[in-house]
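Worksheet for the structure shown next.
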Amino acid sequence: MTTPRTRAEQKRHTRALIVEAGRRAVASRGFTGLVVRELAREAGIVPTAFYRHFESVDDLASELAAGAADALGAFVDALVAAPTGDPATDWPELAVEVATRDPQTWGMVARGLVDTAHPDHRVLTAAVDSARRRLGITLGRLETLVGADGAAVDVAADLVVVVLLRLLVEVSVGTTARTALDECTRRLRLILAGATVS
């Protein structure tokens, strides 16, 4: 027999159910997929109860976008923190681990990035821009790219982010991890080789 929840615990639990329903909606339909009735039905609450936790679906969207941006930032933190001599091998393996652990986040990132009409699209594009800059700095410090032109390293960083995001999304939607990882590694090797030929 479970102990009855306190009022505060019940409120946190209900809010968590709404957030989880929102994560699923954004991952499958983008920010425009946030509809109070559907969120309430998935969370097992009446629609008016939604407004005890969020002022609007836009408030929920902002929280979800910030969470997805934070997840991307944490992923980049992990990439740049771990010393690597071969990012084409090491980074995809870490991406597979991250995508397997929390697949919904990467679906949200992908849908949010293409949902350009929604204001919270900017939160995710800013997170991607930050990832590009940070990975560009890390790539520029690699021994194999030390002599590379700065513009070539910047382009390589842009492409690396795109390829890693693709891997995160592919694994999160069920693509065989080994297949996605091998393809990502192949692409990263081409990108990094191209940056040295400038």
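Read-outs throughout are calculated quantities, based only on the coordinates presented, and are distinct from any laboratory measurement. All values derive from a computational prediction rather than experimental measurement. For neighbour counting, all protein chains shown are included, and Cβ atoms are generated from backbone atoms with ideal geometry for every residue, glycine included.
General remarks:
- Relative contact order %, region 61-196, counting alpha carbon pairs below 8 Å whose residues are six or more apart: 34
- A crude spin-label estimate for the pair Arg141 and Asp59, with each label 7 Å from Cα along the Cβ direction, gives 4.1 nm.
- Angle of helix 121-140 to the longest C-alpha principal axis of the chain, folded into 0 to 90 degrees and rounded to 10: 30°.
- Modelled FRET efficiency - R0 35 Å, Tyr51 with Ala74, Cβ distances, 0.05 increments: 0.70
- For region 1-132: relative contact order, % (alpha-carbon pairs under 8 angstrom, 6 or more apart): 33
- Counted by neighbouring Cβ atoms within 10 Å, the residues Ser56, Ser130 run from fewest to most as Ser56, Ser130.
- Order of His118, His13 under a 10 Å beta carbon neighbour criterion, fewest first: His13, His118
- Going by neighbour counts of Cβ atoms within 10 Å, the residues Thr6, Thr89, Thr138 line up, fewest first, as Thr6, Thr89, Thr138.
- For region 29-65 versus region 112-155, the gap between their alpha-carbon centres in whole angstrom: 31
- At R0 = 45 Å, FRET efficiency that the Cβ-Cβ distance of Thr100 and Arg7 yields, to 0.05: 0.80
- Under conditions of 10 °C and 1.306 mPa s, the chain yields 87 µm² s⁻¹ as its translational diffusion coefficient, taking Rh as the Kirkwood radius over Cα pairs in the Stokes-Einstein equation.
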